[in-house]
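Scroll down for the structure; my scribbles are underneath it.
Only the coordinates and a few stated rules stand behind these numbers; no lab work does. Note that the coordinates shown come from a computational prediction; the quantities given were computed from them, not determined experimentally. Neighbour counts run over all protein chains shown; Cβ positions are idealised from the backbone, glycine included.
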């Protein structure tokens, strides 16, 4: 019961507006679990074929479309980033409505990356805002996703 209440509280804080800053989402990233181990497709986006972990991260999305994504140590559980050298961050709202993705940004061999850009205005309301970090290619799966 305590875990459920804590989870609801975190989700509520992630959805709450931030006054004049008009924050849509503030969260950390969690790595995916590969499909063979039960990884879930979320909002129509499948997990990558290998499991990923992330050492530290911060995601911030604002109503005007500003999006900041910064992470360190986003790597495969088996180590490294494979052949991936660039990623995108994609915003979804309302349980599966794709809003927009950032331009590709660098993924270092150590799994570090950062972008501070705009993806255009975010719908109001944007219920269940979710950001996926995905390889920079057509129809990509996700390596990491925001979570409460």
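Taking 8 Å as the Cα distance limit and 6 or more residues as the minimum spacing, I'd like the relative contact order of the chain as a percentage. Write out the running numbers ahead of the final one.
Working: 345 pairs, mean separation 38.6, N = 148.
Relative contact order of the chain: 26 percent.
What is the spin-label model distance, in nm, from residue 97 to residue 63 if the labels are put 7 Å beyond Cα along the C-beta direction?
Going from the residue 97 label point to the residue 63 one covers 1.5 nm.
Based on the inverse mean of 1/r over its pairs of different Cα atoms, what is the Kirkwood hydrodynamic radius of the chain, in Å?
Values: mean 1/r = 0.0650 Å⁻¹.
15.4 Å is the Kirkwood radius here.
What value, in deg cm²/dmol to 500, does the helix sum -39500 (n - 2.57) over DSSP H runs of n ≥ 4 give at 222 nm once divided by the residues of the chain?
-3000 deg cm²/dmol
Mind checking the angle between helix 2-15 and the chain's longest principal axis? C-alpha axes, 0 to 90 degrees, to the nearest 10.
80 degrees
Can you give the convex hull volume of the alpha carbon atoms of the range 37-101 per residue, in Å³?
On the way: hull volume 7.0 nm³, N = 65.
Output value, Cα hull per residue: 108 Å³.
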